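*Asks:* Right, I'll just put the structure down here and ask away after.
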Amino acid sequence: MTATFGARLRAAMDEHGPLCVGIDPHRALVESWGLTYDLAGVERFALTCVEAFGGQVAAVKPQSAFFEVFGSRGVALLERVCAGLREAGTLTVLDVKRGDIGSTMTAYAEAFLGSDAPEAVDAITVSPYLGYGSLRPVLDLAARTRRGVFVLALTSNPEGASVQHARTTGAGSVAGEMVAGAAADNAEARACGELGSVGLVVGATVGSAVTDLGLDLAATGGPLLAPGVGAQGGTAQSLREVFGPALGQVLPSSSREVLACGPDAGALRRTVTMTGSRMRELLSKDH
Ligand SMILES: O=c1ccn([C@@H]2O[C@H](COP(=O)(O)O)[C@@H](O)[C@H]2O)c(=O)[nH]1
């Protein structure tokens, strides 16, 4: 039987170091590579990323929005990008932040995580602001197809705090609900000593929020995707401060800072392999 997403991610983090690289073909980045900002330029940009990152990092996180902006042809390109990464044996986390009522989530689940999904990826990001329970169809299908889910908990942007730190009727925080939900969904994996397949998104830029809200991220037993490294100011030091005892579960994510090292695929590859090794060293307990 295929290993779970959590187990596959753990193996990839051990092999390459804990680093997820984003594929975010922003207009400014595409043009800085000497390409035109159109479908052909974005295709060249994205396929260079596949060539550079495939087989080199723990995971790659394409940002769906930058492909969707080109309509159906952009989505077709995104499918090729994900297929290319899959062929290279690299885990894909599609940053697509879906969130809706349960019946609609069933369709999103089938679109990305079903066995015959047209846009099949190893994991997706989801937005839980219709309630953690509304994510159930995605969580259940991911469990059946051995794929993963990253639930937004404490996002890297400054606007997130006003919602995510808010108190719920249960007297905990909104972010706390996500921590509790992920911990419950990962209970079986934890009991087997495996990394769970239900992860959380916790930005590298959230400062003391985890401590202030009294969150036990280690207890979730799942991976902690940490965007905000680089362009948004997050560093290895801030990751240590944000995550403390949960550091071993952290998958730092960087997009713009890495992509700015293009267009040469070799230069991009050297950047990510070096950053992956440095992250492994800097996030290790005895550093
Ligand atoms: O809390 C979040 C969740 C996702 N993102 C995504 O990451 C990249 C930006 O990364 P940079 O390294 O800053 O370029 C983009 O796709 C966001 O949607 C995030 O920034 N924060």
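*Asks:* Please determine, in degrees from 0 to 90 and to the nearest 10, the orientation of helix 102-113 with respect to the longest principal axis defined by the Cα atoms of the chain, where the helix direction is its Cα long axis.
*Replies:* Result, in degrees: 40.
*Asks:* Multiply the residue separation of SER127 and LEU47 by 0.36 nm, subtract the distance between their alpha-carbon atoms, and state the gained length in nm to one decimal.
*Replies:* Stretched out fully, the SER127 to LEU47 stretch lengthens by 26.0 nm.
*Asks:* Over the range 138-230, with a single point scatterer placed on each C-alpha, what log10 of the ratio I(q)/I(0) does the Debye formula yield at q = 0.19, 0.24 1/Å?
*Replies:* Reported log10 I(q)/I(0), two decimals: -0.86, -1.21.
*Asks:* A follow-up question, please. Any idea what angle helix 136-145 forms with the longest principal axis of the chain, computed on alpha-carbon atoms, 0 to 90 degrees, nearest 10?
*Replies:* The angle comes out near 60 degrees.
*Asks:* Counting only helical runs of four or more DSSP H residues, what would the 222 nm mean residue ellipticity of the chain come to if each run contributes -39,500 (n - 2.57) and the total is spread over all its residues?
*Replies:* So the helix-based figure for the chain works out to -13000 deg cm²/dmol.
*Asks:* Using the Kirkwood radius built from alpha carbon pairs, what does the Stokes-Einstein equation give as D for the range 41-124 at 10 °C and 1.306 mPa s, in µm² per second?
*Replies:* Estimated via Stokes-Einstein, D reaches 121 µm²/s.
*Asks:* Please figure out what share of the DSSP beta bridges in the range 149-240 is antiparallel and state it in percent, rounded to the nearest 5.
*Replies:* 10 percent
*Asks:* When Rg is the radius of gyration of the Cα atoms in the chain and Rh is its Kirkwood radius, what does Rg/Rh come to?
*Replies:* On the way: Rg = 17.7 Å, Rh = 18.8 Å.
Radius of gyration over Kirkwood radius for the chain works out to 0.94.
*Asks:* Could you tell me the distance between the Cα centroids of the range 151-187 and the range 82-142, to the nearest Å?
*Replies:* Cα centroid to Cα centroid, the span is 19 Å.
*Asks:* Against the globular-protein guess of 2.2 N^0.38 Å, express the Cα radius of gyration of the range 156-287 as a ratio, rounded to two decimals.
*Replies:* Scaled against compact globular proteins, the figure is 1.12.
*Asks:* How high is the relative contact order of the chain, given as a whole-number percent (alpha carbon pairs under 8 Å, six or more residues apart)?
*Replies:* 21 percent
*Asks:* Can you tell me the orientation of helix 5-16 relative to the chain, as the angle in degrees between its alpha-carbon axis and the longest Cα principal axis, to the nearest 10?
*Replies:* 60 degrees
Any read-out appearing in this document is the output of simple, stated calculations on the displayed coordinates, not a laboratory observation. None of these values were measured; they are calculated from a predicted model.
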